[in-house]
Amino acid sequence: MDTVATELRNMGEIFGVEDRAEETIAEIEADVETVSERLDGVDPVEVLVVDSIDDTVFTSGGGGIGTEIIERAGGSNVFDDVDDAFSDVSIEQAADRSPEAILIYDYGATTAEEKKQAVLADPTLAGTPAVREERFGVLPLSSVVVGVRVGGAVTEVAEQLHPDAF
């Protein structure tokens, strides 16, 4: 989130719209603070990100803003120990992490629903709590980059992970 504020301030300075940049930063911070207040005392949900799935799972590692969005939304990325922003992991590795929820990044020709069906059809993932309970969330990939959408992304993921808090 610090990078988001820095980037927005830099853009504000470049284009001479410093006030608008500060307003946008304040809006993002307010969104994140509201989520934090609503989630006070909730247990984090173990989340597997599915960017794509076939013979492997292309997932979000700990090196990108996706992990911070998940954490601020009341979750814990099961692959936060991977240094890269994105990484391929085996389906067995994904299942071994026992995710309680699966967050699908929605973009491209393969729809979020098609990705969900691929996860549901995989026999190795079938034993995970997320698949057994069919606990899925969806987030547009465009929300998982450093930019103005991160505050909304935190809210959107939090509402899907902890619907009772909203």
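The numbers here are math on the coordinates, done by the rules we state, and not lab data. What you are looking at is a predicted structure, and each value in this text was computed from that prediction instead of being measured. As a convention, Cβ positions derive from the backbone with ideal geometry for all residues, glycine included, and neighbour counts pool all protein chains shown.
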Open item on the list: Can you tell me what share of the DSSP beta bridges in the chain is antiparallel? A percent to the nearest 5 is fine.
Closed with: 35
Task: Table column - 3J(HN,Hα) (Hz), segment 28-45, Karplus curve with 6.51, -1.76, 1.60, x for Gly and Pro - done: 4, 4, 5, 4, 5, 5, 4, 4, 4, 5, 5, 9, 3, x, 7, 7, x, 9
Open item on the list: For segment 123-166, compute Rg over Rh where Rg is the Cα radius of gyration and Rh is the Kirkwood radius from the inverse mean 1/r over Cα pairs.
Closed with: 1.09
Open item on the list: So if a site counts as exposed when it's one of the GluC sites (Glu not before Pro), its DSSP state isn't H, G, I, E or B, and it has at most 13 other Cβ atoms within 10 Å, what's the longest stretch of the chain without one?
Closed with: 1-132
TODO: Go ahead and run the numbers for FRET between GLU27 and SER90, Cβ-Cβ distance against an R0 of 25 Å, rounding to 0.05.
DONE: 0.05
TODO: Give the long-range amide H neighbours of VAL50: residues separated by 5 or more places, or on another chain, with amide H under 5 Å away, using H modelled in the peptide plane at 1.01 Å from N.
DONE: LEU103, ILE104, TYR105
Open item on the list: Binning at 10 angstrom from zero up to the longest distance, how are the C-alpha pair distances of segment 55-142 distributed in percent?
Closed with: 17, 54, 28, 0
Open item on the list: At 7 Å along Cα-to-Cβ for each site, give me the label-to-label distance between VAL145 and ALA121 in nm.
Closed with: 3.0
- [ ] Could you calculate the FRET efficiency of ARG132 with GLU159 from 1/(1 + (r/R0)^6), where r is the beta carbon distance between them and R0 is 22 Å, rounded to 0.05?
- [x] 0.50
Task: Distant alpha-carbon pairs in the chain (separation over 19 angstrom), percent - done: 55
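State the extension gain, in nm to one decimal, for the chain segment bounded by ASP83 and ASP43, taking 0.36 nm per residue of separation less the distance between their alpha-carbons.
My answer for the length gained is 12.0 nm.
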Open item on the list: What's the whole-number percent of alpha carbon pairs in segment 82-131 lying beyond 15 angstrom?
Closed with: 51
Open item on the list: Given points 7 Å out from each Cα along the Cα-Cβ axis, report the VAL17 to THR34 separation in nanometres with one decimal.
Closed with: 2.2
TODO: Please give the calculated 222 nm ellipticity per residue for the chain, where each DSSP H segment of at least 4 residues contributes -39500 (n - 2.57) and the sum is spread over every residue; nearest 500 deg cm²/dmol?
DONE: -13500 deg cm²/dmol
- [ ] Quick one: which residues, 5 or more positions from SER76 or on another chain, have an amide H under 5 Å from its amide H? H modelled 1.01 Å from N in the peptide plane, none for Pro or chain starts.
- [x] VAL45, GLU46, VAL47
